[in-house]
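Values in this text are rule-based calculations from the coordinates and carry no lab data. None of these values were measured; they are calculated from a predicted model. Glycine also receives a Cβ, built like all others from the backbone with ideal geometry; neighbour counts cover every protein chain displayed.
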Amino acid sequence: MPICDEPYVHSTAGFAEIEGFLKRTARFGDMPANWLHGQLENWAYAGKPTTLFYGDNVRLWRHNSGTLVAFAISESGEELHLQVHPAQREIEADMLQWGIEVWGQGRTHIDVLCLVNDAHRKELLTERGFVDQGESGRLRQYDLMAAEAPPQVPTGFSMLSLAEGGNIPGRIRTEALTFQSEAIDAAWFAGKSSAPGYDPSWDLGVMSPSGEWVAFALAWPDHDNALAEIDPVGTHPDHRQRGLARALLLELFARLRAAGIRQAYIGSAAEPYYANRLYEALGPARMQVQHRWRLALDGRQP
């Protein structure tokens, strides 16, 4: 099957095409092998340094009929994620070659992400000299049909969405404190909230008696596939260990279930990571682990 690669043009149509591809491939298998659309919307709208970033860090592979069958993408400019239709996995060898010869120019090494149960990709990476660097993150799937009822939050606290009258400046401030990032500011939120899949009704938080936004959880529903990605999740450092994030996630699970969503996904950092204890306690139905594989381009051992 003739397949050729081409540049990605970051535009409304270009973004819609790769997002549509992710939504179509999310239907295959028990767990998605590619990104979910929420991760892509964060990538596109939550503030990259320049517009050149998008063109430099995405490459498309298309069948001569015009159908998109794969694309390579870097979330931060530091690693490559191969997004491939499950029926076209033979193209991954060409994608890796592009990564090494083109995207890797000027770099001392390149990193490619691979699921631990992906024997096909692990074999390709090993053949090309990549070395497994260990776990890079986890993705958990939750069966919303089996989720427990949300508990009550402490007296005086309340759960509501930004659409229900939430505190947007407080929401921004708490996320910035949670992730210790000065880049999370009003301009960043304006970009993120302009994403086509963003809906303030799914941007939930816990409000303290003083009106402070002390926990947050944002869902990105995909109604066609009856699934949602939840990202980000966090609690103000001064309000942790009170069960607020757990209560908020269970409330979000209940609202998603009422809207016809059957599965929710939450990604997290690699072990050891404190939030993993919360995500495990919520009883995921499935979990997949991703590893970072590295190829040295300067002759050094990775």
Exercise. Find the residue count for region 198-219, including only residues that are farther than 23 Å from residue 44 by Cβ, surrounded by fewer than 24 Cβ atoms within 10 Å (Cβ to Cβ) and touching a residue at least 40 places away in the same chain (Cβ under 8 Å).
Key: 6
Quiz item: Which number in (1) crowded, with 17+ Cβ neighbours inside 10 Å; (2) closer than 23 Å to residue 299 by Cβ; (3) not β-branched (Val, Ile, Thr) marks the one condition that residue 85 misses?
Solution: (2)
Quiz prompt | Count of region 202-219 residues which are over 17 Å from residue 170 (Cβ atoms) and touching an Asp or Glu at 6+ places or on another chain (Cβ under 8 Å) | solution = 1
Exercise. Could you identify the single residue in 61, 35 that is surrounded by 13 or more Cβ atoms within 10 Å (Cβ to Cβ), hydrophobic (A, V, I, L, M, F, W, C) and more than 18 Å from the chain's Cα centre (by Cα)?
Key: 61
Exercise. Report yes if some residue within region 178-187 is surrounded by 13 or more Cβ atoms within 10 Å (Cβ to Cβ), within 19 Å of the chain's Cα centre (by Cα) and of a type in the set (Ser, Thr, Tyr); otherwise report no.
Key: yes
Exercise. Starting from residues that are free of Cβ contacts under 8 Å to residues at least 12 places away in the same chain and not charged (D, E, K, R), keep the ones in region 164-192 and report whichever is nearest to residue 211 (Cα to Cα).
Key: 165
